[in-house]
Amino acid sequence: MQEKLYELSKIVLNCKKCRLHLKRKNVVFGEGNPFTKVMFIGEGPGEEEDKTGRPFVGKAGQLLTKMIEAIGLKREEVYIANIVKCRPPNNRVPFDDEAYACLPYLRKQVALIRPKIIVCLGATASKYIIDKDIKITKDRGIWIKKGDFLIMPTYHPSALLRDPLKKKDAWEDFKKIRDELKKLYE
Ligand code: URA
Ligand code: SF4
């Protein structure tokens, strides 16, 4: 299974299926424990991620790492990936055609890792994984069951950096994730 993820990463690292390949420095495939019960999905690489080829390593990533640790996990214990794997210029939101070009890779990652819980970080992840009309401010914090997965839409850590008042709600969501994981380990 790890081998299949590695095979997939080799394909994705050479992908030119959408225009985002033109300006990327590195493809950001995703990283973490392929045997995890929980995957965190963001929008797409920012500047730091593009430079390093790793997801969530900039300011938002440092906050995400802290939030993961706050629910008793280590970053290396979970898996972290994005909707699009190449940085959109100036960190704009990915276009629909870019997201749809890239989504099959994320679906394969999910199919190989088979997490129990998928955390959608922000509007873009929620839109493509849950429902195109989802409104994150209204619909966050509620478990959504889809097939074998429990999906939690919550704020993107960048939104928490822009508006710290949202942190309280995000913490409520993360406590739900912690409690559900606890049940899964019992
Ligand atoms: N924001 C995202 O959505 N993903 C990253 O990997 C980094 C910042
Ligand atoms: Fe390929 Fe995804 Fe990068 Fe587009 S964003 S070039 S689909 S890996």
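The values are calculated or read from the model by the stated rules, or taken from the named source; none is laboratory data. These numbers were taken from a predicted model, which means no experiment stands behind them. FYI the Cβ positions are ideal-geometry reconstructions off the backbone, even for glycines, and counts take in every protein chain you see. Heavy atoms of the whole protein, side chains included, go into the accessibility calculation; ligands, DNA and RNA do not. Shrake-Rupley method; radii C 1.70, N 1.55, O 1.52, S 1.80 Å.
Odds and ends about this structure:
- Taking the Cα centre of the chain as origin and assigning +1 to Lys and Arg Cβ atoms and -1 to Asp and Glu Cβ atoms, the resulting dipole is close to 180 debye.
- Cβ-based net charge around GLU49, under 13 Å, with every Lys or Arg adding one and every Asp or Glu removing one: +2
- Ordering ILE129, ASN91, SER158 by Cα displacement along the dipole of the chain toward the positive end leaves ASN91 in first place; charges were set at the Cβ atoms of Lys, Arg (+1) and Asp, Glu (-1).
- Over 31 Å apart at the Cα level, from the set LYS4/LYS167; LYS10/LYS176; LYS25/LYS138; LYS127/LYS175, are LYS4/LYS167; LYS10/LYS176; LYS25/LYS138.
- Centre-to-centre separation between the Cα atoms of the range 143-184 and those of the range 19-90: 16 Å.
- Using a probe radius of 1.4 angstrom, the carbon and sulfur fraction of the accessible surface of the chain is 52%.
- Rounded to two decimals, the Cα-based Rg/Rh of the range 132-186, with Kirkwood Rh, is 1.01.
- Compactness check for the chain: Cα Rg over 2.2 N^0.38 Å is 0.95.
- Relative to the longest principal axis of the Cα atoms of the chain, the long axis of helix 2-12 lies at roughly 50 degrees.
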